[in-house]
1. Name the pairs: first residue in segment A:199-211 and farther than 19 Å from A:Ile232 by Cα and touching a residue at least 24 places away in the same chain (Cβ under 8 Å), second residue part of a loop (DSSP other than H, G, I, E, B) and more than 6 Å from ligand 2 (Cβ to nearest atom), Cβ to Cβ under 8 Å, at least 6 apart or on different chains?
2. A:Gly149 passes all but one of (1) open to solvent by 30 Å² or more (accessible area, probe 1.4 Å); (2) at the interface with chain B (Cβ under 10 Å from one of its Cβ atoms); (3) without any contact (Cβ under 8 Å) to a residue 24 or more places away in the chain; which number fails?
3. Tell me which residues, restricted to segment A:32-55, are touching a Lys or Arg at 6+ places or on another chain (Cβ under 7 Å) and either open to solvent by less than 10 Å² (accessible area, probe 1.4 Å) or free of Cβ contacts under 8 Å to residues at least 12 places away in the same chain (or both).
4. Taking A:Asp73, is it within 16 Å of ligand 1 (Cβ to nearest atom) and of a type in the set (D, E, K, R)?
5. If we keep just the residues of segment B:9-36 that are within 14 Å of chain A (Cβ to nearest Cβ) and β-branched (Val, Ile, Thr), which is surrounded by the most Cβ atoms within 10 Å (Cβ to Cβ)?
6. Using the structure shown, decide if A:Leu156 is free of Cβ contacts under 8 Å to residues at least 40 places away in the same chain and more than 9 Å from chain B (Cβ to nearest Cβ).
7. Across segment A:183-206, what is the total count of residues that are near ligand 1 (Cβ under 10 Å from one of its atoms) and of a type outside the set (S, T, N, Q)?
8. Residues in segment A:20-30: is at least one within 14 Å of another protein chain (Cβ to nearest Cβ), open to solvent by 10 Å² or more (accessible area, probe 1.4 Å), closer than 30 Å to A:Ala268 by Cα and touching a residue at least 24 places away in the same chain (Cβ under 8 Å)?
Amino acid sequence: MRHLTPVPDPKPPPKLAEREEAKPRIAELERWATVLRIDCVRMLAVAKSGHLDSSLSAADIVAALYYRVLRHDPENPEWPARDRFVLCKGHAAPIQYAALAQHGYFPLEELMGLRQIGAQLQGHPDMRRTPGIEVSTGSLGQGLSMCVGIGLALRLDGLAETAHVFGVLSDGDCQEGQTWEAATAAVHFGVPNITAIVDYNHLQTDGTTEEVMDIRDVRAKFEAFGWDAVEIDGHDMGQVVEALERSRTLRKPAAIVAQTKKGKGVSAMEGRFGFHGKAAVSPEFAADALEELMATLEEQTKALHEEGGGES
Amino acid sequence: MPAEAKTEPTPTRAGYGDALADLGESHDDVVALDADLAVSTQAIKFGKKFPERFFNVGAAEANMMSMACGLAATGKVPYCSTFAVFAAGRAYDQVRLGIAHNELKVRIGASHGGVSLGEDGASHQMIEDIALMRAMPRMTVVVPADYNQAYRATAESYERDEPMYMRFGRPATPGVYDDIPETLGTGVDVLREGKDISLIGTGHMVWRALEAAESLEAEDGVEAEVLNVSIVKPLHSETVLESLGKTGVAVTAEEHRVVGGLADAVRQVAAEQHPVPIFAVGLGDEFGISGTGEACMEHFGLTARGIADRAREALVLKPIVSRPPLFGPEWT
Ligand SMILES: Cc1ncc(C[n+]2csc(CCOP(=O)(O)OP(=O)(O)O)c2C)c(N)n1
Ligand SMILES: [Mg+2]
């Protein structure tokens, strides 16, 4: 299946220095989100298991972070003053793997080993096996506490002014009580450099979040815990970037509740229940999904060319 | 400032607290976390000296363990203190994924292990934490016998890299070591030599095993060898096997369920390499109970007499099954 082999993006990610000099434009980021989505479909089609819909839901957030907002350097992954990214919803690992591979943390071919015995990429992020993973996740509810710990350590090292911690949470994360322990602690300890992005896609394993266990107004909850809290459309790249960049200037815990659609970008999956964790990516499904995403990519690439330069 | 050895009975948790505060002095990267029990766990001694490196998370043990993961992943050496029941029970999954799986240098100072905490009763008496933490991959399990060894265990924990679960106790405990030992060494110390039976204890049961050995000698003329296992996992099997090879029969003693605890650890080594009768003193299929600490220990037979009585039962079997070590030179 030749179409499943990952290919390097003809428009490679900008290096750290380039990003700092000229921030990638929204349209570019949208295109890169599609690149990551395509990688996810390919990976899952080969792996035959994993959480595609969960990965696609977070694609725009992850693209905004890795291609623009995060201060990270694949050539120096242990750089102490780097920003930290924590995928609290660790089951969406493929989307992070795609971003890491595209940035050169490991070869693109590794993506095809996802979940296979002896391969580097585990079902959930593993800091001991995969470069670029800050902490292992996969057990819902623990991630935000880890972010608080990282934020405190950076502050003790005098790095909190520059190094920011970004955690991506899910509906399930917000159902776990521990997340609210962490939310309490972040404010109590005055962690200045933490942003929690909730990928609020209203779907979980057993049904809609409203049916299973309604978490209601997550933004209001974070606000009640003393966080700065905004709500955005998690697939509107302009809003995503603005909220992320604003959050790092606040010097207080910041929550971004991103309204999203599970499976975003693949219309057969978008916002639909019944895909979570299923080996839904049959060769036919993958072919259709890839066709749709390739068309999107082509459109976005063309638009970029026509647009030429433009402001950030 | 060199640490001062204690000669009067002192809780092992005090050894943890004192050593932790001293570690804070000598190492800037040490941080301490507690879950609203800092006075009980003695982490308060660190907290008072280094408030900027001390994080009391309130009654939120899960959060504490995952925060420690984040701190350690970012270069700090966190010491997490709470009662053993919450450290190993409430926060098991957090310890498992965030700390053990990640092989992070986090130390869990679990105080009030066992039934000797007394009056609070079953809800607080953690009697399966050694089993849980032994079963957890990559986790080292340390149970010091007295204040002096607890001090050393804590101080030495900084020098090691692997994740560690350290169990301490509430009550003042008689000394086993006259001074603060130089090192934990292999984690198995022969405290008393003898040829007839091995008494293998851990934690609060070690001084009781020494007392049991005295009474066996005085009343039965039995020469018991006494081993203190301070590192229950990984168990230094050579020292244990050497003793079993000499005596051919043993009693283990722990303030813990015999399932998954020291008894199982010793029996596992013996079963594979030198099968001899090994009797166990510890809790059966039962939870703790309210009472004074001492009364609780007596209720479950966790006494010098309990150990001596088990030893007498075990010695009856010795002539029947005793034979040379499987792999010893005598075998050929
Ligand atoms: C503590 C814990 N409980 C249960 C699970 C199993 N699990 C994996 S994903 C998931 C829910 C997925 O829904 P959601 O959290 O909304 O994430 P999404 O994929 O929609 O972003 C569950 C229950 C887990 N990983 N961790
Ligand atoms: Mg969801």
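The values are calculated or read from the model by the stated rules, or taken from the named source; none is laboratory data. Note that the structure is a prediction, hence the values are computed from the model and not measured. Note that each Cβ is placed from the backbone with ideal geometry, even for glycine, and that neighbours are counted across all protein chains shown. In case anyone asks, the SASA skips ligands and DNA or RNA and just uses the protein heavy atoms, side chains included. Shrake-Rupley method; radii C 1.70, N 1.55, O 1.52, S 1.80 Å.
1. Pairs that qualify, where the first residue is farther than 19 Å from A:Ile232 by Cα and touching a residue at least 24 places away in the same chain (Cβ under 8 Å) and the partner is part of a loop (DSSP other than H, G, I, E, B) and more than 6 Å from ligand 2 (Cβ to nearest atom), are A:Gln204/A:His276; A:Thr205/A:His276; A:Thr205/A:Gly277; A:Gly207/A:Phe273; A:Thr208/A:His202; A:Thr208/A:Phe273.
2. In the conditions (1) open to solvent by 30 Å² or more (accessible area, probe 1.4 Å); (2) at the interface with chain B (Cβ under 10 Å from one of its Cβ atoms); (3) without any contact (Cβ under 8 Å) to a residue 24 or more places away in the chain, A:Gly149 misses (1) alone.
3. Initial filter on segment A:32-55 (touching a Lys or Arg at 6+ places or on another chain (Cβ under 7 Å)): A:47, A:49-50, A:53-54.
Scanning segment A:32-55 gives A:Gly50, A:Asp53, A:Ser54.
4. Working: within 16 Å of ligand 1 (Cβ to nearest atom): no; of a type in the set (D, E, K, R): yes.
In short, no.
5. So the first thing to find is which residues in segment B:9-36 are within 14 Å of chain A (Cβ to nearest Cβ), and the list is B:24, B:27-36.
Of the ones still in play, those that are also β-branched (Val, Ile, Thr) are B:30-31.
Working: B:Val30: 21, B:Val31: 26.
Ranking the candidates gives B:Val31 first.
6. Numbers: free of Cβ contacts under 8 Å to residues at least 40 places away in the same chain: yes; more than 9 Å from chain B (Cβ to nearest Cβ): no.
Answer is no for this residue.
7. Residues that pass the stated criteria total 6.
8. Step one: filter segment A:20-30 for residues within 14 Å of another protein chain (Cβ to nearest Cβ), giving none.
No, that holds for no residue.
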